[in-house]
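For reference, the structure is listed below as structure tokens.
The values are calculated or read from the model by the stated rules, or taken from the named source; none is laboratory data. The structure presented is a predicted model; accordingly, all values stated were derived computationally and were not measured. Methodologically, a virtual Cβ is constructed for each residue, glycine included, from the backbone with ideal geometry; neighbour enumeration extends over all protein chains shown.
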Amino acid sequence: MHIRTQRAVQAAGAAFAFTLLLSGCAEPQADPQARTLALIKSWVAGNYNNLGQFETDMAMVREPEKMHRPMHQLFAPVETSDIEGYIVFQQSSMDGSENPAMIFRHGLIQYFPDPDSDAVIQRELYFKEPEAFKNLHRNPKLLAGVTLDDMTWDPGCDFYLRANPAGDMVSGPILPRACVLFNEGMQENMYADDRVEITPTHYRFKGVYVDADGNVVWGTESDALNSLAKVNE
């Protein structure tokens, strides 16, 4: 019995060692930042709008403060050797057209790994001289020579994004009370209360500013995020 037991222990030890060897040869766990960036690169592109959400709000006769205003958004990946990270041109217009008179916001989104966590940072960059860069996606050569010296941004307004375990959503917030704007009318600070949710078909964001007491002073009071649906690539 003793000899059989000893042989059994030796056999079990050999099997355990073989299992360790196999596990050491297995592919290592994917880097979470690389995984998040890969999903962003796959999904964030095209024309988006939230007209379906707006029409639902209208049909439900929601209170004005809980309505989602209609939005049209373009995301277009662009190439630049002078700004690090994955770069996307973003442009918002009042009617979804490329008419310069209808464009009210445009700039770059910079995606890069956060050196202090496993998140990917989404940072919004804006041109110091913006007019020439409207419809940049039609003439991306305009970016040649553009560096961060030509842009403005607020790191307090960065989003910290992570992919979920299922791999069907990338999401994350800004840091609490980090993104601050001065409200000229109220003569006081207001604070961004925001988060982003990105899927293959939607780009959602909260987009709310609150006062020091947490009251909404800009944006919808609805619990539902602004939900932009992709309408084409």
Among residues of the range 27-44 being surrounded by fewer than 20 Cβ atoms within 10 Å (Cβ to Cβ) and part of a loop (DSSP other than H, G, I, E, B), the residue modelled with the highest pLDDT is 31
Among strands (runs of 3 or more DSSP E) entirely inside the range 45-131, those with 1 or more residues being in contact with a Ser or Thr (Cβ under 7 Å, 6 or more places away or on another chain) and among the aromatic types (Phe, Trp, Tyr) are 103-113, 120-127
Being aromatic (Phe, Trp, Tyr), exposed (fewer than 13 other Cβ atoms within 10 Å of the Cβ) and not in a helix (DSSP H, G or I), is that true of even one residue in the range 191-213? no
task: Return yes or no: is residue 136 over 21 Å from residue 159 (Cα atoms) and hydrophobic (A, V, I, L, M, F, W, C)?
output: yes
Of the candidates 223, 168, 149, the one satisfying the condition of being within 27 Å of residue 120 (Cβ to Cβ), acidic (Asp, Glu) and part of a helix (DSSP H, G or I) is 149
A careful count of residues in the range 64-123 that are within 30 Å of residue 221 (Cα to Cα), surrounded by 13 or more Cβ atoms within 10 Å (Cβ to Cβ) and either free of Cβ contacts under 8 Å to residues at least 12 places away in the same chain or among the aromatic types (Phe, Trp, Tyr) (or both) gives 4
Within the range 192-223, residues out of contact with any strand residue (DSSP E or B) (no Cβ under 9 Å at 6 or more places or on another chain) and in contact (Cβ under 8 Å) with a residue 12 or more places away in the chain come out as 222
Of 226, 139, 232, the only residue that is under 22 Å from residue 48 (Cβ atoms) and touching a Lys or Arg at 6+ places or on another chain (Cβ under 7 Å) is 226
If we ask which residues in the range 94-110 are hydroxyl-bearing (Ser, Thr, Tyr) and within 22 Å of residue 141 (Cβ to Cβ), their number turns out to be 0
